[in-house]
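This report concerns only the one structure given below.
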Amino acid sequence: MIPNTSILSYNHMAAQTMQDQDDNESHHHHHLISSLPVHDGWSPVRIRYYQGFWYPEIHLPGLLAFRHRFIPRPTDVFLCSPPKSGTTWLKSLTFAILFRHAHPPSSPHHPLLSLHPHDVVPLIDELYWKGQDPNLHPNPRIFSTHAAYQLLPQTLKTSDCKLVYICREPKDTVISGWHYIKAMTPKSMEPINLTNAFEMHCNGVSSFGPMWEHQLGYWKESFKRPSKILFLKYEEVMREPLENVRRLAEFLGLGFSEEEEEEGMVEEIVRLCSFETMKEAEGNRKGDRGYKGMEITNASFFRKGKVGDWENYLSGEMAKRLDGIFEEKLWGSGLSF
Ligand code: PAP
């Protein structure tokens, strides 16, 4: 029998080796990140160009760890999106569908009424960045990512897990993003103006973008493997919420039974996750996300929740220009807004 002291020293050595590997990896990642092209136009967010996409510098260590260390399971669900495209909404809907037996959507104690959707479905980069190991999370796991399809770990692409993608009409996405970045800018800094933000979007220089490349990556893959990737649009979910909740549940292999349909389960999920309910919920009104140097409140994820708000901000000329860019970039793909 191996004496306890040996086990201890072996464990100590193993832990030390892992620590050394972590240190080496983080040193290597730090070196890589600092060598990437940088853009400071989105201050307070600094973005760097990595493998064809602009990524917030703060998220890059998490992305690299995700790409190298994540071990997918066939039961995993990944919610993927460009920022400001309906991520928070999709998180609520997926959580409500997946856990509807443990947490009936009509319950006044439903977790979504007290916890922020970004806490019930964590952003995978952020978990790594906060020192947590998603590989240790119990099943069923739901994670989210803003990473482009092209940047996902190969193991995830070839696994049987499910990916749900949501994107949004580009002009509304730009306006939502501009409001968000203004809200997170500390009072001591001048917030970015719309003209500059718009120009950078037109040039494909935006967090996790170019947005069209992001959309195209998931769009093409959703055709190749419809049972692996479900492609949703914010406007379609808004127009037909019941149908899209049924579609989402079916895709996840958790279609509603006749009994659930008769009981009004789908309607209850839609109501629970509606903008109005979520905006007023306890966990969404207070607190912030704890990012250093940025003021990201929980409430900032629930601004207006409307389709077509861009009309209040963009001139006809700006709208035409962005529409033209997307038409050209998406031409021939079958994707349009
Ligand atoms: P994220 O990428 O930072 O997580 P994301 O949730 O994708 O943000 O986008 C936020 C937008 O979704 C906001 O749009 P707005 O600025 O035009 O208002 C937000 O209001 C909207 N949103 C959040 N929750 C819901 C919901 N339950 N229903 C509809 N829209 C929602």
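Under unit Cβ charges (Lys, Arg +1; Asp, Glu -1), what dipole magnitude, rounded to 20 debye, does the chain have relative to its Cα centre?
Once rounded to the nearest 20, the dipole reads 600 debye.
When Lys and Arg each count +1 and Asp and Glu each count -1, what net charge do the other residues less than 11 Å away from Lys171, Cβ to Cβ, add up to?
Net charge around Lys171: -2.
Calculate I(q)/I(0) for region 99-186 by the Debye formula, one identical point scatterer on each C-alpha and no solvent, and give its log10 at q = 0.23 Å⁻¹ to two decimals.
Normalising to I(0) and taking log10 leaves -1.30.
Counting each DSSP H run of 4 or more residues in the chain as -39500 (n - 2.57), what helix-only mean residue ellipticity at 222 nm follows after dividing by all residues, to the nearest 500 deg cm²/dmol? Intermediate results must be reported in sequence, preceding the final value.
Numbers: 16 runs with 162 residues, N = 337.
Mean residue ellipticity at 222 nm (helix-derived): -14000 deg cm²/dmol.
Suppose each label sits 7 Å from its Cα in the direction of the beta carbon; what would the Trp331-His31 distance come out to in nanometres?
Here the modelled spin labels are 4.4 nm apart.
Net charge near Phe143: determine it from the other residues with C-beta under 15 Å of the C-beta of Phe143, scoring Lys and Arg +1 and Asp and Glu -1. Before the final figure, lay out each step's value.
Values: positive: Arg67, Arg69, Arg73, Lys91, Lys130, Arg141, Lys157, Lys162; negative: Asp76, Asp119, Asp125, Glu126, Asp133.
Neighbourhood net charge equals +3.
Where the centre of each part is set by its Cα atoms, how far does region 112-145 sit from region 242-287, in angstrom?
Here the answer is 20 Å between Cα centres.
Once both labels are modelled 7 Å past Cα along the beta-carbon direction, what's the Asp309-Thr277 spacing in nm?
The answer from the label model is 2.1 nm.
Say the dipole of the chain comes from +1 at the beta carbon of Lys and Arg and -1 at that of Asp and Glu; which of Thr277, Thr75, Val245 then lies farthest toward its positive end?
Positive-most Cα among the choices belongs to Thr75.
For region 217-337, what's the radius of gyration and Dmax over Cα atoms, in angstrom?
Both quantities, over Cα of region 217-337: 18.4, 51 Å.
Report the equivalent ellipsoid semi-axes for the chain in whole Å, largest first, defined as the square roots of five times the eigenvalues of the gyration tensor built from alpha carbon atoms.
Working: eigenvalues 204, 155, 82 Å².
Computed over the chain, the values are 32, 28, 20 Å.
Summing Lys, Arg as +1 and Asp, Glu as -1, what charge do residues with Cβ under 13 Å from the Cβ of Cys161 carry, Cys161 excluded?
Value of the local net charge: +4.
Taking the radius of gyration and the Kirkwood hydrodynamic radius from Cα positions alone, what is the Rg/Rh ratio for region 155-271, to two decimal places?
1.08
Dipole magnitude of region 172-228 about its Cα centre, charges +1 at Lys/Arg Cβ and -1 at Asp/Glu Cβ only, in debye to the nearest 20?
320
Each value in this text was obtained by applying a stated rule to the coordinates, not by laboratory testing. Owing to the predicted nature of the structure, the values given are computational and were not obtained by experimental measurement. Reconstructed Cβ throughout: ideal geometry from the backbone, glycine too, with neighbour counts over all protein chains shown.
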